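Every read-out reported here was derived from the displayed coordinates using simple, explicitly stated rules and does not represent laboratory data. Nothing here was measured: the structure is a model prediction, and the numbers come from that model. No Cβ is skipped: glycine too gets one built from the backbone with ideal geometry, and neighbour counts run over all protein chains shown.
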Amino acid sequence: MSLDGKVAIITGGSRGIGKAIAHSFCQAGAHIMICSRSANSINQTAETLVSQGYSALGIQADVSSKSDVEVLVEKTLSEFGQVDILINNAGITRDTLLMRMKDDDWETVIQTNLTGAAYCTRAVIRSMIRQKEGCIINISSIVGIVGNAGQANYAAAKAGMIGLTKSVAKEVANRGIRVNAIAPGFITTDMTAEFSEENRQKILDLIPMRSFGSVEDVAEVSKFLASSSAQYITGQVIQVDGGMGM
Ligand code: NAD
């Protein structure tokens with residue numbers, strides 16, 4: 001699957017799933033712009049990719065800030081001339097039961113995971129419409145489909161991303177732009193590394209394939225959806241979850 005010459009923005013590209021997507025898109029020939037809140041870590045990831053001979057730039061940008069998102073897209077357009085692919089991957093958790101949840105925990109998760117994806121989508125859509133082509137992939141979660149105790153804010157944001165995906169897909173399908181979502185199950189990253197062994201075992205019992213996924217599992221599906229192999233696929237949610245949500 002080639003992404004030769006395509007320009008992709010990947011939010012939250014400094015580590016975990018976003019970093020794996022960035023690496024896999026580079027290998028497929030794409031130019032990539034990655035962003036995260038920390039200038040240090042995003043520059044480090046971009047420099048590593050460049051040292052491996054790939055075309056990559058990093059920028060410090062918080063997706064929950066409209067002005068940061070505008071700068072992210074302007075910088076991509078000025079450096080690479082176009083945006084063909086947007087991966088809305090940046091995400092955070094602030095887990096606790098809803099009855100104990102602070103307003104700030106609710107608002108920050110919704111603002112980052114859902115509103116941030118909407119800001120980024122809105123910021124790229126005009127240039128995609130002009131070039132009559134584009135692909136947006138929203139990294140949702142299985143939790144947005146089946147729910148999870150202690151994650152009402154996160155699950156609401158991830159379910160919201162699915163509504164966002166399907167609505168925008170309908171708005172822009174006749175402009176040559178495809179919008180899809182991926183719903184990963186439990187993937188081994190920094191986000192899931194903090195689980196206790198007991199919690200880990202409980203989760204494994206819920207996964208028919210009895211293992212966590214890898215970041216490459218999500219990156220491969222992202223590459224497929226971004227490529228011309230998926231040219232007739234839009235408005236879909238692909239679960240990458242070892243069967244957890246079936
Ligand atoms: P991670 O915590 O390892 O990485 C998250 C990335 O997002 C980091 O680069 C971080 O800097 C960036 N980020 C966070 N807030 C940001 C903001 N406001 N602006 C810009 N960047 C920001 O997480 P991960 O496990 O790689 O998860 C990536 C995505 O996949 C998230 O959206 C997450 O919800 C989703 N997801 C992860 C899993 C899993 O099991 N790891 C499962 C389902 C969905």
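Here is how the number arises for the chain: DSSP H runs of 4 or more residues each give -39500 (n - 2.57), the sum is divided by the residue count, and the result at 222 nm is -14000 deg cm²/dmol.
For the chain, the longest principal axis of the C-alpha atoms and the axis of helix 215-226 are separated by about 40°.
Electrostatic tally near residue 183: other residues with Cβ closer than 10 Å to its Cβ, Lys and Arg +1, Asp and Glu -1, net 0.
Rounded, prolate or oblate: which one fits segment 162-230, using the alpha carbon gyration tensor with axes a ≥ b ≥ c (rounded when a/c is under 1.5, else prolate when a/b beats b/c, else oblate)? Prolate, since a/c reaches 1.5 and a/b exceeds b/c. Neighbours of residue 119, meaning other residues whose beta-carbon lies under 13 angstrom from its beta-carbon, give a summed charge of -1 when Lys and Arg score +1 and Asp and Glu score -1. Give the relative contact order (percent, whole number) for segment 7-239; include only Cα pairs under 8 Å separated by 6+ residues. This gives 20 percent for segment 7-239. Residues whose amide H comes within less than 5 Å of that of residue 54, counting only those at least five positions distant or on another chain, are absent (H built at 1.01 Å from N in the peptide plane). Taken about its Cα centre, the chain carries a charge dipole of about 660 debye when Lys and Arg each add +1 at the Cβ and Asp and Glu each add -1 at the Cβ. If the segment from residue 48 to residue 103 were pulled out straight at 0.36 nm per residue, it would be longer than the present Cα-Cα gap by 16.0 nm.
Using a Gaussian network model of the chain in which every pair of alpha carbons under 10 angstrom is joined by a spring, one finds that among 15, 200, 100 the greatest mean-square fluctuation is at 100.
Under the classification rounded if a/c is under 1.5, otherwise prolate if a/b is larger than b/c and oblate if not, where does the chain fall, given a ≥ b ≥ c as square roots of the Cα gyration tensor eigenvalues? Here the chain falls in the rounded category. When the P(r) is computed for segment 122-217, the part past 20 Å accounts for 48% of the Cα-Cα pairs. Between the Cα long axis of helix 66-80 and the first principal axis of the chain there is an angle of about 40°, rounded to the nearest 10. In the chain, the longest principal axis of the Cα atoms and the axis of helix 197-206 are about 80 degrees apart.
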